[in-house]
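Quick notes on the structure that follows.
The values are calculated or read from the model by the stated rules, or taken from the named source; none is laboratory data. These figures come from a predicted structure and were not determined experimentally. We place every Cβ from the backbone using ideal geometry, glycine too, and count neighbours over all the protein chains shown. We work out accessible area using only protein heavy atoms, side chains counted, and drop any ligands, DNA or RNA first. Shrake-Rupley method; radii C 1.70, N 1.55, O 1.52, S 1.80 Å.
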Amino acid sequence: MKIKWTSKALSDLVRLYEFLAVKNKRAAAQTVQSLSAAPDRLLDQARIGEKLDEFDPREVRRIIVGRYEIRYEIQETNIIALRIWHTREDR
């Protein structure tokens with residue numbers, strides 16, 4: 001399997017960095033680096049995240065990384081990072 005990122009997920013990383021960098025650029029970079037690396041652990045255990053039934057029949061799941069949620073979809077040969085946001089954001 002391979003990890004792929006949607007343009008929206010990549011935009012989320014940029015948005016989160018820009019928001020955090022106002023206060024602390026180093027912390028912003030570390031947060032984005034951590035979020036970018038998190039889906040790699042899904043390569044060994046793709047179904048570790050909670051399944052989100054509202055997306056059936058697609059297999060969309062979520063993992064929590066610190067205070068952030070990453071939603072992803074499992075396809076035949078790919079894990080697609082769909083969106084990322086802080087758990088306090090109103091989504």
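Could we say that residue 23 is under 12 Å from the mean Cα position of the chain (by Cα), exposed (fewer than 15 other Cβ atoms within 10 Å of the Cβ) and either of a type in the set (Lys, Arg) or assigned to a loop (DSSP other than H, G, I, E, B) (or both) here?
Here the answer is no, as residue 23 does not meet what is asked.
Residue-by-condition table, conditions (1) among the hydroxyl-bearing types (Ser, Thr, Tyr); (2) in a helix (DSSP H, G or I):
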{"position": "4", "(1), (2)": "no, no"}
{"position": "12", "(1), (2)": "no, yes"}
{"position": "19", "(1), (2)": "no, yes"}
{"position": "34", "(1), (2)": "yes, yes"}
{"position": "40", "(1), (2)": "no, yes"}
{"position": "47", "(1), (2)": "no, yes"}
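Within segment 75-85, take every residue that is farther than 16 Å from residue 32 by Cβ and touching a residue at least 40 places away in the same chain (Cβ under 8 Å) and give me the one that is surrounded by the fewest Cβ atoms within 10 Å (Cβ to Cβ).
The extreme case among them is 77.
For segment 52-91, which strands (runs of 3 or more DSSP E) that fit wholly inside it have 2 or more residues that are basic (Lys, Arg)?
Working: elements: 60-65, 68-74, 78-86.
The strands (runs of 3 or more DSSP E) meeting that bar are 60-65.
Restricting attention to segment 35-64, which residues are open to solvent by 20 Å² or more (accessible area, probe 1.4 Å) and under 20 Å from residue 10 (Cα atoms)?
36, 37, 40, 41, 43, 61, 62, 64, listed by residue number.
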